[in-house]
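J.: Let me give you the structure first, and then I'll get to my questions.
The values are calculated or read from the model by the stated rules, or taken from the named source; none is laboratory data. If you're wondering where the values come from, they're calculated on a predicted model, not measured in any experiment. For neighbour counting, all protein chains shown are included, and Cβ atoms are generated from backbone atoms with ideal geometry for every residue, glycine included.
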Amino acid sequence: MYSEKVMDHFTNPRNMGELENPSGVGTVGNAKCGDIMRIYLDIDENHVIQDCKFKTFGCGAAVATSSMATELVKGKTIEEALTVTNKAVMEALDGLPPVKVHCSLLAEEAIHAALWDYAKKNNIVIEGLKEPK
Ligand code: FES
Ligand code: FES
């Protein structure tokens, strides 16, 4: 049912934890399952994401997608980070079972919320980023 990559990121999650002085933080939840995901971003003066950590209170697929999403955004600029969609995360994990697709949406939403927080704090506009719900 789960790919080897999903199992790997679930049993050995990358970048789990929090950042002490994050440039941006985003917390999102899924009302149906009650799962919560928080993403911390450390962004340098060139708008490049230097570090990223996550805390997820949720299912295995949510943990695996958080882990993969943090790996994918590291080293990207804040604009490039928008390419880390739930589809991109799922592809990087070699797929998720259909009932678990919504779990990967949390990762995309949490990244967007963290970027929004950063943009707000720094009074900048990130092209293509919509205000989180
Ligand atoms: Fe059912 Fe998340 S809402 S698995
Ligand atoms: Fe809720 Fe996966 S079951 S995020």
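J.: Please pick out the residue among Thr83, Thr65, Thr70, Thr77 that is at pLDDT 95 or above, polar (S, T, N, Q) and more than 19 Å from Ile43 (Cα to Cα).
T.: On the way: Thr83 fails: more than 19 Å from Ile43 (Cα to Cα); Thr70 fails: more than 19 Å from Ile43 (Cα to Cα); Thr77 fails: more than 19 Å from Ile43 (Cα to Cα).
The match here is Thr65.
J.: Against the definition (within 10 Å of ligand 2 (Cβ to nearest atom), in contact with a helix residue (DSSP H, G or I) (Cβ under 6 Å, 6 or more places away or on another chain) and not in a loop (DSSP other than H, G, I, E, B)), how does Ala69 come out, yes or no?
T.: Values: within 10 Å of ligand 2 (Cβ to nearest atom): no; in contact with a helix residue (DSSP H, G or I) (Cβ under 6 Å, 6 or more places away or on another chain): yes; not in a loop (DSSP other than H, G, I, E, B): yes.
So Ala69 fails the test.
J.: Just checking, how many residues over segment 81-130 are in contact with a helix residue (DSSP H, G or I) (Cβ under 6 Å, 6 or more places away or on another chain) and of a type in the set (Asp, Glu)?
T.: Number of matching residues: 2.
J.: Shifting gears a bit: Which of the residues that make up segment 25-65 are surrounded by fewer than 22 Cβ atoms within 10 Å (Cβ to Cβ), of a type in the set (S, T, N, Q), within 16 Å of ligand 2 (Cβ to nearest atom) and assigned to a strand (DSSP E or B)?
T.: Thr27
J.: Take the conditions away from ligand 2 (no atom under 13 Å from the Cβ), on the phi < 0 side of the Ramachandran plot and either assigned to a strand (DSSP E or B) or touching a Gly at 6+ places or on another chain (Cβ under 9 Å) (or both) and apply them to Leu115. Does it pass?
T.: Criteria met by Leu115.
J.: Can I ask one more? Restricting to segment 89-121, what's the tally of residues that are under 17 Å from Gly24 (Cβ atoms) and either aliphatic (A, V, I, L, M) or in contact (Cβ under 8 Å) with a residue 40 or more places away in the chain (or both)?
T.: Counting residues in segment 89-121 that are under 17 Å from Gly24 (Cβ atoms) and either aliphatic (A, V, I, L, M) or in contact (Cβ under 8 Å) with a residue 40 or more places away in the chain (or both) gives 14.
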